[in-house]
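Here, each number is a calculation from the coordinates, and none is a lab measurement. The structure displayed is predicted, hence computed values, not measured ones. Don't worry about glycine lacking a Cβ; one is built from the backbone with ideal geometry, like all the others, and counts go over all protein chains shown.
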Amino acid sequence: MRREWDKHHLLNVFYQVVEKGSFSKAADHLNLPNSSVSKAVSQLENHLGKTLLLRTTRALSMTDEGEIVYKRAQGLLEGFRALEEELEELDSTPKGKLRITFPNTLGRMLFSQICNDFLKAYPDFELELIFTASLLDLIDENIDVAFRTWFTLPDSPFYSLSLLKVKLLFVASPDYLARFGTPKSLECLTKHNVLVTRHSTLENAWAQDDGTHHTFSGNLIANNRFHIREAVLAGIGIGMLPSYFCQKDINRGAFVELLPELNRGHKTLGAIYRMKRDSSKKLDTFLSFVEQRLAESEIPE
């Protein structure tokens, strides 16, 4: 009789073959020889008495039975992982490894220091931080927590936590305002040198509640908010920057917030994660730390 641990191994190998789309990619992911991966799938098929994968030299596809096994495998493997973590967490001191992803600017400006402070408080943790403009797949990339911003949370099979409302602020340096004056309205702002951040779209327009649109232009476009911030500090023009990115500059007098009465649609800064917090002590410990630090931050909601 095959041992239960062996069955778990065989199921995991089969799941990774389907996820990665080939035996060779699964072997690389699992750090196993190709022959071991192929043998494991064959052993699982023999144990179940069903053909799960149809193999050709060019393609790999699942049988109907394979589809059933694949769908059940994710929950079984996730449940086993949760069991392992629960047993590990019987220790009174939270510890473990977390893979965390952030957008580049958000991660560097807001979360780098938080993560450093977390490791000082919990030195038994290991954090793998991934700064990227891409939206990584939590399952494929084995991500524990993804920090993102959204206007409306998209449909997702994962859990989410809203952390902070993020405003987009107009800011300028005192030097720029001394030379060119302080705009008192959106219409006046359109006559100034407004520096633009390019992401998927240009952040160069502002819509009012009455439907009126104002479009801005300037002599600098950059796909990096750090460069826009440096240009604003240098007095080149006016920037539109997220509150988490420029609030410290406002507080120390390096930036002046313009037209603070305006209310552009707030984005929500939040976390997306795969497991319930009450089933993962290490996840809950980290998210609780982040919640506390953001609550103590200088960023206004």
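Worth a mention:
- For the chain, fraction of C-alpha pairs farther apart than 24 Å, in %: 63
- Filter on 7/97; 97/167; 71/95 - keep pairs with C-alpha separation over 28 Å: 97/167; 71/95
- Most fluctuating residue given options 239, 270, 253, as computed from a GNM of the chain linking Cα atoms under 10 Å: 253
- Packing around the peptides 8-15, 125-132, taken as the average count of other Cβ atoms within 10 Å per residue, puts them in this order, highest first: 8-15, 125-132.
- On full extension, the segment bounded by residue 85 and residue 150 gains 20.4 nm, given 0.36 nm per residue less the C-alpha separation.
- Exposure proxy ranking, count of Cβ atoms within 10 Å, fewest first, for 258, 60: 60, 258
- Rounded to 0.05, the FRET efficiency of the residue 182 and residue 220 pair, given R0 = 30 Å and the Cβ-Cβ distance, is 0.90.
- Relative exposure of 111, 180, judged by other C-beta atoms within 10 Å (fewest first): 180, 111
- The stretch 4-86: radius of gyration over Cα atoms, expressed as a fraction of 2.2 N^0.38 Å: 1.05
- Efficiency of FRET from Cβ geometry, residue 262 and residue 24, R₀ 51 Å, rounded to 0.05: 0.40
- The spacing between the stretch 110-139 and the stretch 26-94, judged by their C-alpha centroids, is 28 Å.
- Positive-pole candidate from 27, 44, 106, dipole of the chain, charges at beta carbon: 27
- Computed magnitude of the charge dipole of the stretch 2-121 (debye, nearest 20; Cβ of K, R +1, Cβ of D, E -1): 480
- Lys, Arg +1 and Asp, Glu -1 on Cβ, resulting dipole of the chain about Cα centre, debye, nearest 20: 640
- Beta bridges per DSSP with both ends in the chain, % antiparallel, nearest 5: 70
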